[in-house]
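Data block below; observations after.
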Amino acid sequence: MMADYQQILDRLYTHLRPMAPQGTRLGEDTDLISEFGLDSVNVMDLLLEVEEDFDISVPLNLLADIRTPKDLARAIVRLLEAG
Amino acid sequence: MIRTATPTINNRPLRCADFPTLAQALDYAAQGVTGYNFYDGRGRLRAALPYAELRQRAQATAKRLHGLGLKRGERVALIAETCPEFMEFFYACQYGGFVPVPLPITINLGSRGSYIERLRRLLHSCSATAAMAPAEFLSFLQEAADGLKLRFVGSPADFYALEEPAVELESSGPDEIAYLQYTSGSTRFPRGVVITQQAVMANLAGIVGTGLAVRPGDRCVSWLPFYHDMGLVGFVLGPLASQLSVDYLGTRDFAMRPRQWLALISNNRGTIAFAPPFGYDICARRIHRAELDRYDLSCWRVAGVGAETIHAETLERFADFLAPAGFNRHAFLPCYGLAESSLAVTFAALDQGMVVDQVDRRALEDRMSARAFAATDGRGERVRAFVNCGRPLPGHEVIVRDADYKALPHRQVGIVSVRGPSLMSGYFQDAASTHDALGPDGWLDTGDLGYLTEAGLFITGRCKDLIIVNGRNIWPQDMERLAEEQPEVRLGDVTAFVASHPKGGEIVVMLVQCRLTENERRADLVNRLQRMIYSEFGIKCRIELVPPKTLPRTSSGKLSRSEARRRFIQRVGWNQRSEIIVEAPKAAVSS
């Protein structure tokens, strides 16, 4: 599968938007916890949606280095390429 | 790798943990055909590890550990991922006379730094001489061990590359340490519970013999982490000591796809599965009604509940929701325990389900008396309901004491104290904490509050200030310390507690006395704290900056969390449905 960063990022946004009140800023570099306001249940939901949508399995250890949509999109690119 | 799960029915007579040591328990289990099975998040069998194969692999790894020059009794730290290698190394320590120390996996978004710090504190606390992490966690462990004096840090493959000298193995004896357990206690000031072989074997005999009354045909299913006492003692050691097969699901896989737990029970005809209340809650909330006809849970004879205060409504909701899938509500088995007593202290009676005691809320609040509530007493809002956690395992005693260590009569709330053969020897290299918890008379002060009746033990609150969110225990002093490390915050300027929101759910609140006036700097502090708290504890927290000298203090000058909480609830108007705070007697307040 072609792992296009921008397409992946756009798809991530569609998963993320419903998880915060309207008007919450969301960009590549938004901190998902402190700025966007995800809690631990949101994070589980997000990972579930990402795994189902991209048909990948996101290893737990990767989360430790993910703070922003950019980090997450890059991790997905790598997982798809390793696929 | 074997791709068939180990069978439920064994070809050897069932023995209920009547072994002097864990190594001897495995020697016997290895004669049969049962074992451990590991499933992925999509329900596929990833590995099967029959006890016979585990024994072989464990003995080989024990020799490699000897080859490293490890001395008897030295600690081997293990990142406790739900995988066959953890089992192999844990039992290698049993055969080699070393002490395994399961380490937690607490990874959240962006938490690399705080996770490494936590591991480092643990490696230091147990003065480990060797440490193992599955390959995907090795970088965390290596960084954590950097600068500490460990002989060897590696992945299973790194250990397999080591020499396997032909040493004669002498397994860990009844008086020797079986493992150190770090789940109980604060993350900032970790305390390792020391459990000997005879302590854990006594507990296991009580659990599988009396509490569960294990029988041929039983099969266990578990997603509980191996670094937690219920996961380790209840679902790693217990099944092995009674030669049962177990089906494991990773903890995060359960959190993401709770249906897999039910699917495993249903498909493999599991009979014994435990969870803290939040596990049952996630299932009831996240599983779709439409999929219930895929499951047949009529095989599930023991649905154990422990590890947190049990709220009856949570379990009722689960039972109602899953009744169409054949779940029997009498399978609920509430129990009480703690790592300091290996795992279990009391078990409710089998096949009874959850039994609730209704008490008069006012008497509880005013006099710490759990007076039975009579129907004639009037309105329901004056009632508080507690779940019966049952009676002590054979050979164990439970009493409820006041601040002067005097035993209290039935239905009087006090500190739950436990005595018996399963108790820890103490906290590892921490005489002061050991002295605080274990009296010379052999009674362990659990710090939990409860009362006794003819029918059993009722827990009214665990460790007064402990914050429990989604099954995670958080010590408020750990959160407070983190805030105090910020340059804008002074020591003693922070208090953290949990409060019930009137719309349901519990909110963790942190109040910070703060001298900053500029809005931007105030917002920066709040954001930073939120991020750090999430990354270290995995929770969201409501943070409020309050003016200096506004947090309430006790007469001795210490911050009073309970008073801060009471005032906060009043100020934000949540008092309509607020929890009652049953104050602990003086002795339990030390923090």
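The values are calculated or read from the model by the stated rules, or taken from the named source; none is laboratory data. Note that the structure is a prediction, hence the values are computed from the model and not measured. All Cβ positions, glycine included, derive from the backbone under ideal geometry; neighbour counts span all protein chains shown.
If you go through segment B:240-257 one residue at a time, do you hit one that is surrounded by fewer than 22 Cβ atoms within 10 Å (Cβ to Cβ), in contact with a Lys or Arg (Cβ under 8 Å, 6 or more places away or on another chain), part of a helix (DSSP H, G or I) and among the charged types (D, E, K, R)?
Scanning segment B:240-257, I find no residue that is surrounded by fewer than 22 Cβ atoms within 10 Å (Cβ to Cβ), in contact with a Lys or Arg (Cβ under 8 Å, 6 or more places away or on another chain), part of a helix (DSSP H, G or I) and among the charged types (D, E, K, R), so the answer is no.
Which one is nearest to residue B:137 (Cα to Cα), of the residues in segment A:52-72 that are within 8 Å of chain B (Cβ to nearest Cβ) and more than 11 Å from the chain's Cα centre (by Cα)?
Looking at the filtered set, the residue picked out is A:61.
Among helices (runs of 4 or more DSSP H) lying entirely in segment B:67-167, which contain 3 or more residues that are within 14 Å of chain A (Cβ to nearest Cβ), surrounded by fewer than 22 Cβ atoms within 10 Å (Cβ to Cβ) and modelled with pLDDT of 95 or more?
Where helices (runs of 4 or more DSSP H) fall fully within segment B:67-167 and carry at least 3 residues being within 14 Å of chain A (Cβ to nearest Cβ), surrounded by fewer than 22 Cβ atoms within 10 Å (Cβ to Cβ) and modelled with pLDDT of 95 or more, they are B:138-145.
Find the residue count for segment A:16-29, including only residues that are touching a Leu at 6+ places or on another chain (Cβ under 8 Å), part of a helix (DSSP H, G or I) and away from chain B (no Cβ under 14 Å).
Count: 1.
Yes or no, residue by residue, for (1) closer than 30 Å to residue B:278 by Cα; (2) among the small types (Gly, Ala, Ser); (3) surrounded by 12 or more Cβ atoms within 10 Å (Cβ to Cβ):
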{"residue": "A:8", "(1), (2), (3)": "no, no, yes"}
{"residue": "A:34", "(1), (2), (3)": "yes, yes, yes"}
{"residue": "A:44", "(1), (2), (3)": "yes, no, yes"}
{"residue": "A:47", "(1), (2), (3)": "yes, no, yes"}
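Within segment A:30-51, which residues are part of a helix (DSSP H, G or I), more than 13 Å from residue A:18 (Cβ to Cβ) and more than 7 Å from chain B (Cβ to nearest Cβ)?
A:41, A:50, A:51
Among the strands (runs of 3 or more DSSP E) lying completely within segment B:421-539, list those that include at least 1 residues that are closer than 30 Å to residue B:363 by Cβ, among the acidic types (Asp, Glu) and touching a Phe, Trp or Tyr at 6+ places or on another chain (Cβ under 9 Å).
B:444-453
How many residues are in contact with a strand residue (DSSP E or B) (Cβ under 9 Å, 6 or more places away or on another chain) and either part of a loop (DSSP other than H, G, I, E, B) or under 14 Å from residue B:274 (Cβ atoms) (or both) when one looks only at segment B:187-212?
Of the residues in segment B:187-212, 6 are in contact with a strand residue (DSSP E or B) (Cβ under 9 Å, 6 or more places away or on another chain) and either part of a loop (DSSP other than H, G, I, E, B) or under 14 Å from residue B:274 (Cβ atoms) (or both).
Looking only at segment B:12-39, which residues are part of a loop (DSSP other than H, G, I, E, B), out of contact with any helix residue (DSSP H, G or I) (no Cβ under 7 Å at 6 or more places or on another chain) and closer than 23 Å to residue B:222 by Cβ?
Of everything in segment B:12-39, those that are part of a loop (DSSP other than H, G, I, E, B), out of contact with any helix residue (DSSP H, G or I) (no Cβ under 7 Å at 6 or more places or on another chain) and closer than 23 Å to residue B:222 by Cβ turn out to be B:12, B:14, B:33.
Restricting to segment B:473-506, what's the tally of residues that are of a type outside the set (D, E, K, R) and crowded, with 17+ Cβ neighbours inside 10 Å?
15
Could you give me the residue pairs with C-beta distances under 6 Å whose first residue belongs to segment B:95-106 and is under 17 Å from residue B:24 (Cβ atoms), whose second residue is polar (S, T, N, Q) and in a loop (DSSP other than H, G, I, E, B) wherever it lies, and which are 6+ apart or on separate chains?
Close Cβ pairs satisfying both conditions: B:95/B:171; B:97/B:172.
Would you confirm, using the coordinates I've provided, whether residue A:8 is away from every other protein chain (no Cβ under 14 Å) and among the hydrophobic types (A, V, I, L, M, F, W, C)?
Yes.
Looking at (1) touching a Phe, Trp or Tyr at 6+ places or on another chain (Cβ under 9 Å); (2) surrounded by fewer than 17 Cβ atoms within 10 Å (Cβ to Cβ); (3) among the hydroxyl-bearing types (Ser, Thr, Tyr), which is the one condition that is false for residue B:171?
Only one criterion in (1) touching a Phe, Trp or Tyr at 6+ places or on another chain (Cβ under 9 Å); (2) surrounded by fewer than 17 Cβ atoms within 10 Å (Cβ to Cβ); (3) among the hydroxyl-bearing types (Ser, Thr, Tyr) is unmet by residue B:171, namely (2).
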